[in-house]
Amino acid sequence: MNPSARSRKPFAGGWTLAALGLLFVCAGCRLDMHTQPRYNPYDPSDFFGDGQSARLPVAGTVPRGELTLGPQELLYTGKLNGQPAEVFPYPVTEEIVGRGRERYNVFCSPCHGFAGDGDGMIVQRGFRHPPSFHEDRMRTAPVGHYFDVITNGFGVMYPYGYRVPPGDRWAIIAYIRALQLSRKVPIGDVPEAERAKLTSQTK
């Protein structure tokens with residue numbers, strides 16, 4: 001065997017050991033987000049007075065990407081001067097009502113029913129009956145009341161503020177108003193083609 005070859009083996013092995021050592025050192029220095037101290041959902045906390053790690057947004061702030069047209073207090077709280085609003089934060093269009101119908105059918109119809117009578121599938125399976133949107137007290141309730149209930153929940157209804165963005169909450173409310181109006185529309189306000197269908201059904 002060539003003596004020079006024997007002398008090179010320990011040197012090559014040393015480089016291998018050094019490379020492995022450097023690899024372990026680098027692996028131990030990872031500071032990715034998955035290794036940082038954090039709270040998991042619903043973890044308790046000794047730092048905050050209420051014992052909860054989840055925090056509400058800071059008052060007066062707007063989430064990135066959610067700033068849209070309309071007064072901010074009205075848009076994000078459903079209130080004006082601290083009172084439930086009687087108006088929408090922007091004009092209600094057919095597109096908004098259509099979006100509201102789609103979101104209503106997803107989030108609201110299981111309990112409230114597709115027509116708003118409070119007879120959804122959850123109710124048919126024995127759970128508590130929510131009020132019909134067509135009761136007088138629900139028809140006269142301000143739109144801000146609906147926004148608050150969707151956001152924060154009411155009674156046995158869970159809050160949907162973290163699942164339904166503010167714009168979709170207003171769209172749902174617009175669709176609820178459309179459902180309510182559909183029960184009280186004067187026959188003269190119905191388009192002529194639809195009026196003919198209605199009158200033929202009543203004969």
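Every number in this text was worked out from the coordinates using simple rules, so none of it is lab data. None of these values were measured; they are calculated from a predicted model. Using ideal geometry, Cβ is built from the backbone for each residue, glycine included, and neighbour counts are taken over all protein chains shown.
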Leu181 and Phe47 label points (each 7 Å along its Cα→Cβ direction) are spaced in nm at 4.9 nm
Note: Gln72 to Leu20 extended length (0.36 nm per residue) minus current alpha-carbon separation gives 13.0 nm
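Quick one: Asp117, Asp43, fewest Cβ neighbours within 10 Å first, how do they rank? Intermediate values should be presented prior to the final figure.
Values: Asp117 18, Asp43 10.
With the sparsest Cβ surroundings first, the list reads Asp43, Asp117.
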Log entry: pair-distance distribution for the range 72-185, C-alpha pairs binned every 10 Å from zero, whole % per bin is 15, 49, 32, 4, 0
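Students often check this: by mean Cβ neighbours within 10 Å, which of 153-160, 127-134 ranks highest, and how do the rest follow? Don't jump to the answer; show the numbers that get you there.
Details: 153-160: 12.8, 127-134: 15.9.
Final packing ranking: 127-134, 153-160.
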The range 173-188 scanned against label point 7 Å out from Thr199 along Cα→C-beta; backbone N under 12 Å for 187-188
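Give the order of Ile96, Ile173, Ile187 when sorted by the count of other beta carbons within 10 angstrom, beginning with the fewest. It would help to have the intermediate numbers written out before the result.
Numbers: Ile96 20, Ile173 23, Ile187 8.
Fewest to most other Cβ atoms nearby, the residues stand as Ile187, Ile96, Ile173.
Take Lys79, Lys184 and order them by how many other Cβ atoms sit within 10 Å, fewest up front. Could the numbers behind the result be given before it?
Numbers: Lys79 17, Lys184 9.
Starting with the residue having the fewest Cβ neighbours, the order is Lys184, Lys79.
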